[in-house]
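Computed from the coordinates by the stated procedures, all read-outs in this text should not be read as laboratory data. Keep in mind that what you see is a predicted model, and the values were worked out from it rather than measured. Every residue, glycine among them, receives a Cβ derived from its backbone with ideal geometry; neighbour counts consider all protein chains shown.
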Amino acid sequence: MRSLRQILSHTQGCGVALGHFNVSDLTLLQAVSAGARELGVPVLIGVSEGERSFLGTQQIAALVKSLREQYDFEIFLNADHTHSLAKAEEAVAAGFDSVVFDLSALRPEENARETKRAVEVLKSKNTSVLIEGEIGDIGTGSEIHDRAPDLRPNLTSPEEARQFVAFTGVDVLAPAVGNMHGMLNAMVSGATRKHLDFERIRQIKAATGTFLTLHGASGTDDRDLMGAIAAGINIVHINTELRLAWRRALDDSLARQPGEVVPYKLLPPVVETVKQVVRSRLELFNRPQQSADTQLAS
Ligand code: G3H
Ligand code: ZN
C-alpha cells in the first residue's frame with residue numbers, strides 16, 4: 001500500500017488531484033468509500049474537529065483502517081481544520097495520515113510560529129504524517145450561507161506562501177486563491193459558481209514547490225477546478241455538496257416512507273445519492289490535466 005505522500009507525488013505526476021471528502025456519519029463514509037472503490041481511485045477522508053467530536057477520533061480512525069484492510073484500497077484519513085496542537089496530537093496518536101493545522105485566523109507571524117512548532121512536535125510522534133498549513137482567509141462553515149462572508153481582502157501572494165512554507169516546513173499548503181468555505185444560496189440553485197485565480201496558483205506552486213490543497217471547493221465551476229489542478233492543486237476538499245445531497249436524499253427517503261423506523265431501510269438511498277456526487281467529483285479530479293506541474297519530487 002502506497003503512503004499518502006507517494007500517492008500525492010504520483011497523482012501530481014499524472015496531472016490529477018486527490019479527492020478529499022468530509023464525513024460526519026457512517027452514511028457519508030460509506031458513500032465516499034464506495035464511490036472511490038467503484039472508480040478505482042485513492043481517496044482522502046476528512047474529519048474536522050466538530051466532525052471528530054461527533055464521530056469519535058479513534059472510532060473514525062478504526063473505521064477507515066477497516067475499510068483500507070477489508071477492501072485493500074487506498075483510503076486515507078485527514079484531521080481537517082485542527083486549531084490546537086492538543087487536538088492534532090490526538091489525531092496523530094489515533095493513526096491519522098495527515099493533519100490540517102489551521103491557525104489562519106491568527107496574525108501571520110503567529111500562524112507561522114505555531115505551525116512550525118506543530119510540524120516539529122507532530123513529526124517527532126510520526127515521521128510520515130503529513131502536515132498542512134493554511135494562510136489567507138477563505139471563511140468558515142461548510143454550510144449554505146445567506147450572503148457572502150466578509151473575508152480579509154488579500155488572496156495569498158507567492159512570496160508569503162514561499163516564506164511560510166520555508167519557515168514552517170509544512171508538507172502541504174492551503175492558500176486563498178478565490179476559494180471560500182460553503183455555498184451561497186445562488187450556488188445551490190446553480191445561478192452562480194465560484195471562480196479561481198489560476199495564475200496565482202501557478203505562481204504559488206513555482207514559489208513553494210510544495211503540494212497544494214484547494215479548500216472550499218463546493219460550488220466551484222468545473223472548468224475552474226480543472227484549471228486549478230492544471231496549475232498545481234493536488235488535493236481538492238468537498239464538504240457542503242455532500243451535506244446538501246445527504247440532507248435532500250434524507251428528506252426524500254423520509255417522505256417516501258413515512259411510517260418507516262428502520263435505519264437500514266431509510267438510509268441506503270441516501271448513501272446512493274451521496275455516492276453519485278462523490279463519483280462525479282472524483283471523475284473530474286482524476287481527469288488528467290495537460291499542464292500539470294511534475295517538478296516536485298516526493
Ligand atoms: O475542509 C473542508 C473543505 O474545505 C470543504 O469546503 O464545504 O466548500 O466544500 P466546502
Ligand atoms: Zn476546508
Could you name the lysines whose alpha carbon sits less than 19 Å from that of residue 275, not counting residues in the same chain fewer than 8 places away?
-> 265
Which percent of Cα-Cα pairs in the range 174-250 sits in each 10 Å bin, short to long?
-> 20, 49, 23, 7, 1
Reachable aspartates and glutamates from residue 205, criterion Cα separation under 14 angstrom, eight or more residues apart if same chain = 159, 160, 171, 197, 293
Residue 222 versus residue 14, label points 7 Å from Cα toward the beta carbon: distance in nm?
-> 2.0
Tabulate in residue order the Karplus-calculated ³J(HN,Hα) for the range 228-234, using 6.51 cos²θ - 1.76 cosθ + 1.60 with θ = phi - 60°, rounded to whole Hz; enter x for Gly and Pro.
-> 5, 5, 4, 7, x, 6, 10
For the range 148-161, Karplus-derived ³J(HN,Hα) couplings (6.51, -1.76, 1.60; θ = phi - 60°; whole Hz; x for glycine and proline) come out as 4, x, 7, 8, 4, x, 7, 6, 5, 9, x, 5, 5, 5
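Quick one: divide the alpha-carbon radius of gyration of the range 29-176 by 2.2 N^0.38 Å and tell me what you get. Don't skip to the answer; put the middle values down first.
Details: Rg = 16.2 Å, N = 148, 2.2 N^0.38 = 14.7 Å.
Rg over 2.2 N^0.38 Å, computed on Cα atoms: 1.10.
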When averaged across all projection directions, what area in nm² does the alpha-carbon convex hull of the chain cover?
-> 14.7
Debye-sum result for the range 223-281 in log10 I(q)/I(0), which assumes one identical scatterer on each alpha carbon, at q = 0.17 Å⁻¹ = -0.63
Please provide three numbers in whole Å: the alpha-carbon extents of the range 165-294 along the principal axes, with the largest listed first.
-> 59, 32, 27
So what is the 222 nm mean residue ellipticity for the chain from helices alone, if each DSSP H run of at least 4 adds -39500 (n - 2.57) and you divide by all residues, rounding to the nearest 500 deg cm²/dmol?
-> -15500 deg cm²/dmol
Among all the aspartates and glutamates, which ones have a C-alpha under 12 Å from residue 65's C-alpha, if same-chain residues fewer than 8 places away are not counted?
-> 74, 97
The size of the Cβ-based charge dipole (Lys, Arg +1; Asp, Glu -1) of the chain about the Cα centre, to the nearest 20 debye, is 380
proj_area_mean for the range 9-73 (convex hull on C-alpha atoms), units nm², value 4.6
Among 232, 258, 274, flag the residue with its Cα farthest along the positive direction of the charge dipole of the range 218-274, charges on Cβ as +1 for Lys/Arg and -1 for Asp/Glu.
-> 258
With just the Cα atoms of the range 95-155, tell me how far they stretch along each of the three principal axes, in Å, largest first.
-> 42, 26, 14
Relative contact order for the chain using alpha-carbon pairs under 8 Å, separation at least 6, rounded to a whole percent?
-> 23
For residue 182, which sequence-distant residues (separation of 5 or more, or a different chain) have an amide H within less than 5 Å of its own amide H, given hydrogens modelled in the peptide plane?
-> 143, 218, 240
